[in-house]
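Student: My questions all concern the structure below.
The values are calculated or read from the model by the stated rules, or taken from the named source; none is laboratory data. Treat the numbers as computed from the prediction; the structure is a model and nothing was measured. We place every Cβ from the backbone using ideal geometry, glycine too, and count neighbours over all the protein chains shown.
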């Protein structure tokens, strides 16, 4: 056979091979990521877009823990568990978190201690990683966007022209017209929006309420996340179909496998 006959087959094979080998970003948010078997590494391995870390300000350091830690472990600080590994990962990956993806990777810092003092310490820590962290007022792309949830120093962050950490918004914040550069994500409790329990039919009212919220968030060029959502395939499909951008999950591997075949 001539090369003219073989070429279409070879070209199709090349496209198929390329699709399987390029990175596919998974719109997952690793809830309480530090509680997984391999913090951060599991999320990166499964191409998650966002991870969640709870921090406590104790004696000038940011310790990673859901509750106030009874014992202080210097290896469980925000820097050592997340920022240092991300910096090394980005450096080894030609300046990006993922191959073929130049958008931001999101690190949500859920502040458990007093807002202002914790934020100030967070900025001090992040100043050691300016090579990978996006500055709020700067439109230049950077591989890592850090956004603050929990106890938020809202006004301080908005008024800062050189903030290395931005805000996790709430639906009530949408009326404030805060720029997406300072509030890239809007989050809410799933059950503040919906009454559906993740099994069976979804009411027309629930569908409409979620649709309105998605539209309001997307109009401001922000991403939507719903925490405490049912963590199963039916819920994941419904939320993705409805336009929710970050799927809050504890099941990193399961959501990864689900999303690979989603639509």
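Student: Restricting to the range 188-200, name every residue that is out of contact with any strand residue (DSSP E or B) (no Cβ under 7 Å at 6 or more places or on another chain) and closer than 24 Å to residue 32 by Cβ.
Tutor: Within the range 188-200, 191, 192, 194, 196, 197, 198, 199 qualify.
Student: For residue 198, all conditions in the list (1) in a strand (DSSP E or B); (2) on the phi > 0 side of the Ramachandran plot hold save one; what is the number of the exception?
Tutor: (1) is the only condition that residue 198 fails.
Student: Just wondering, is there one or more residues in the range 201-211 that are surrounded by 13 or more Cβ atoms within 10 Å (Cβ to Cβ) and either touching a strand residue (DSSP E or B) at 6+ places or on another chain (Cβ under 9 Å) or under 22 Å from residue 104 (Cα atoms) (or both)?
Tutor: Yes, the range 201-211 has at least one match.
Student: Can you pull out the residues in the range 37-74 that are under 29 Å from residue 99 (Cβ atoms) and modelled with pLDDT under 95?
Tutor: Selection gives 37 alone.
Student: Of all residues in the range 214-225 being in a helix (DSSP H, G or I) and either touching a residue at least 60 places away in the same chain (Cβ under 8 Å) or in contact with a strand residue (DSSP E or B) (Cβ under 7 Å, 6 or more places away or on another chain) (or both), which is surrounded by the most Cβ atoms within 10 Å (Cβ to Cβ)?
Tutor: Residue satisfying both the conditions and the ranking: 217.
Student: Tell me, which residue of the range 154-177 that is under 25 Å from residue 78 (Cβ atoms) and touching a residue at least 40 places away in the same chain (Cβ under 8 Å) is surrounded by the most Cβ atoms within 10 Å (Cβ to Cβ)? Walk me through it before giving the result.
Tutor: Here is the first cut: in the range 154-177, the ones under 25 Å from residue 78 (Cβ atoms) are 154-170, 173.
Checking which are touching a residue at least 40 places away in the same chain (Cβ under 8 Å) leaves us with 156, 163-165, 168-169.
Values: 156: 14, 163: 25, 164: 22, 165: 25, 168: 23, 169: 28.
Looking at the filtered set, the residue picked out is 169.
Student: Could you check the range 226-238 and list, in sequence order, the residues that are buried (at least 16 other Cβ atoms within 10 Å of the Cβ) and either closer than 15 Å to residue 32 by Cβ or in contact with a helix residue (DSSP H, G or I) (Cβ under 8 Å, 6 or more places away or on another chain) (or both)?
Tutor: 226, 227, 229, 230, 231, 236
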